1. Residue 57 passes all but one of (1) part of a loop (DSSP other than H, G, I, E, B); (2) closer than 25 Å to residue 140 by Cβ; (3) at pLDDT below 95; which number fails?
2. Among the acidic types (Asp, Glu), in contact (Cβ under 8 Å) with a residue 40 or more places away in the chain, closer than 23 Å to residue 135 by Cα and surrounded by 13 or more Cβ atoms within 10 Å (Cβ to Cβ): does that describe residue 234?
3. Quick check on this structure: which one of 159, 166, 133 is polar (S, T, N, Q) and not in a helix (DSSP H, G or I)?
4. Residues in the stretch 154-169 that are among the charged types (D, E, K, R) and within 17 Å of residue 210 (Cβ to Cβ): how many?
5. Based on what the data block shows, is residue 145 assigned to a helix (DSSP H, G or I), buried (at least 19 other Cβ atoms within 10 Å of the Cβ), in contact with a helix residue (DSSP H, G or I) (Cβ under 9 Å, 6 or more places away or on another chain) and of a type in the set (Lys, Arg)?
6. Select from the stretch 25-40 the residues that are more than 17 Å from residue 67 (Cβ to Cβ) and either assigned to a helix (DSSP H, G or I) or touching a Lys or Arg at 6+ places or on another chain (Cβ under 9 Å) (or both) and list them in ascending order.
Amino acid sequence: MEKVKINEKITTDKMSICEITPKLDELEFLIKTSLSLELYDEAYEYFNKLLILENFILNEDQRNIFMDTYKSKFNIIRNGWKNLLDFEQSESENTLIPSEIIEKEMQKLEIKIKSFSLNSLEIIEKLEKNSNNEITAVIIYEKLKADYLRYYAEVCDENEFIEYVNRSEKHYKNCYENCLNYLEPMNFLTLSVGLNYSIFVYFLLDDTQRAFNIAEKIYKEAVININIDTKIPETDALIKSIEENMTIWKLELEDN
C-alpha cells in the first residue's frame, strides 16, 4: 500500500514539472529554436505562454518573434486553403478527387482561418492597448489587424464580406499614412505595409488603378532613398515584389 502512495507522488511530481512555465529567456529560446526547426505548433504554444508571462507587453524583438510565430502557424492553414482553391478552379479533367470532397475540406479550413484570425485580432488589440502609443508598435499592430481582417474576408460569405473589408481597409489606410508620415521610405515596415495594402485593394476592392497608385508611391520613394550601405536582403525582396505587381497591374490597365 505504501508503494502505491510513493508511485502516486512521483506521477504527481512529473505532472507539476510539465505544467511549469519556463522563464522568459527560456521561452524566447524555445520559440526561436522551434521556428528554425519549422515546429510551428510548438512555437505557437510557447509564444502564448510568453504573452501571458509578459502581460501582453512586448519589446521590439518580441514583436518580431510574435509576427513570425503567428504567420508561420497561420500560413499552414491558409496555404492549404489556397492550394485547394487552385485545385478546385483547375480545368483539368483528370482529377481523381470529387469536387464535393474538395469543397468539404475547404470549408473545414475556412472555419480554422476564421477562428485563427479572430483569436489573433483579440490578442493584437491587447498588445496595441499596452504599446503606450509608440508609433512603430502602433503601425505594426494596425497592419496585423488589417491583415487578419483581410484573411477573414477572403473566406467569409457575402453577408460578412463588406463589414470585414471595410474594417481591413480602415486599418491599412491608417498604418499606410503613418508609415508615410513617420517612417523612412526604405523602412521594412513601410515597404511591407505598401505591398499588403496594394494587394488588398487589388484583390478585395477590385481596383487596379488604386492598387497601382499605392504601390507606385511606396516604390518611387524607396528607390529614390536607397542607401547601398544600409539596405538589407529583406527590403530588396519587398521592393522586387512591389515592382512585379506594378508591372502586372500596368499591363492590365493598358489593356483596359
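1. Just one mismatch for residue 57, condition (3).
2. no
3. On the way: 159 fails: not in a helix (DSSP H, G or I); 166 fails: not in a helix (DSSP H, G or I).
Result: 133 is the single residue among 159, 166, 133 that is polar (S, T, N, Q) and not in a helix (DSSP H, G or I).
4. Adding up the residues that qualify gives 1.
5. It is true that residue 145 is assigned to a helix (DSSP H, G or I), buried (at least 19 other Cβ atoms within 10 Å of the Cβ), in contact with a helix residue (DSSP H, G or I) (Cβ under 9 Å, 6 or more places away or on another chain) and of a type in the set (Lys, Arg).
6. Selection gives 25, 26, 29, 30, 33.
The values are calculated or read from the model by the stated rules, or taken from the named source; none is laboratory data. None of these values were measured; they are calculated from a predicted model. FYI the Cβ positions are ideal-geometry reconstructions off the backbone, even for glycines, and counts take in every protein chain you see.
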